[in-house]
Amino acid sequence: MAGSSLVLSDDSRLSIIDQRLYKLESFLALISGLTVFVLMLMAVVSVGGRNFANAPLPGYVDWIEQAMPLIAFMGISYAQRDGGHIRMDMVVGALKGRVLYIVEFVTTAFIFALIILLIWGSWAHFSRSFDFGAPLWSRDSSIDIGIPLWPAKLLAPVAFSVLCLRLALQLWAYGRAIRNPSDAPIAVPLIADAATQAAMEAEHVSGNETKG
């Protein structure tokens, strides 16, 4: 579960690729968070306009619909890298060595296959909406103010493609770990014990206090 994993790194090619991909994932997660903030401001403007001027923000619901893919999909690869998605840590944590890495490889491979199918399906969904010959390149639009829907539909295959890269990287890392189970794998989330987790949380809190 979130907050109980750590990711090791070194100077290998795998770790370098992991760090570069993590920068992209962090940027996408930042966009997702900023989207939530902007929607909050829009809600304030819409409710305030309705209460004080009887003029809510036009197309507020349309903009929420457009922003949903940003909120729902842009941070999934970031969470995958840091081990933030829900999983059976109590079960996985009981496994050790090569058995653990084999289980992680197999489950990650299943997720990888699923994401490939989701990329194919979401791209097909985007293709049905996008048309160079149509106004604003769109075959469909939102109901209220007519916002083209293809940009929002494009976000799903883009986010899934980044997640696909992350999963491929993790398959590489688990494959290395299966071959050399004595070495701690890099570029994958490892379950931290209670002492390590407490140290990580203490370091995080002390870092925030220093910034403040």
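The values are calculated or read from the model by the stated rules, or taken from the named source; none is laboratory data. It should be emphasised that the depicted structure is a prediction, and the values quoted were computed from it without experimental measurement. Positions of Cβ are generated from backbone atoms using ideal geometry, with glycine treated the same way; all protein chains shown enter the neighbour counts. Keep in mind that these areas ignore ligands, DNA and RNA; they rest on the heavy atoms of the full protein, side chains included. Shrake-Rupley method; radii C 1.70, N 1.55, O 1.52, S 1.80 Å.
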Next item on the list: Can you tell me how much longer the chain between VAL47 and ILE17 gets when fully stretched, taken as 0.36 nm per residue apart minus their C-alpha distance, in nm with one decimal?
Entry: 6.3 nm
Check: Using heavy-atom solvent-accessible surface (probe 1.4 Å) with all chains present, what is the largest-first order of MET90, MET42, MET74, MET68?
Finding: MET90, MET68, MET42, MET74
Item checked: Zone of VAL36's modelled label, taken as backbone nitrogen in segment 140-156 under 19 Å from a point 7 Å along Cα→Cβ -> 156
Check: Largest first, how would LEU39, LEU114 line up by accessible area (1.4 Å probe)?
Finding: LEU114, LEU39
Next item on the list: Among ALA124, ILE17, PHE160, pick out the residue whose Cα is farthest towards the positive end of the charge dipole of the chain, where Lys and Arg carry +1 and Asp and Glu carry -1 on C-beta, about the Cα centre.
Entry: ALA124
Next item on the list: Hey, can you find the accessible area per residue of the chain for me, probe 1.4 Å, expressed in square angstrom?
Entry: 60 Å²
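Nearest 20 debye, what's the magnitude of the dipole of the chain about its Cα centre given +1 on Lys and Arg Cβ and -1 on Asp and Glu Cβ?
440 debye
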Check: Using modelled amide H (1.01 Å from N, peptide plane; none on Pro or chain starts), what sits under 5 Å from the amide H of SER138, excluding residues fewer than 5 places away?
Finding: ASP131
Notebook entry, point to check: What is the Cα radius of gyration of segment 135-191 over 2.2 N^0.38 Å, N being its residue count?
Noted result: 1.96
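Could you check how much of the accessible area of the chain is carbon and sulfur, as a whole percent, using a 1.4 Å probe?
Using a 1.4 Å probe with all protein chains present, the chain comes out at 70 percent carbon and sulfur.
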Notebook entry, point to check: By how many degrees, between 0 and 90 and to the nearest 10, does the Cα long axis of helix 150-179 differ from the longest principal axis of the chain?
Noted result: 0 degrees
Next item on the list: Given the peptides 130-137, 103-110, arrange them by the average over their residues of other C-beta atoms within 10 Å, most packed first.
Entry: 103-110, 130-137
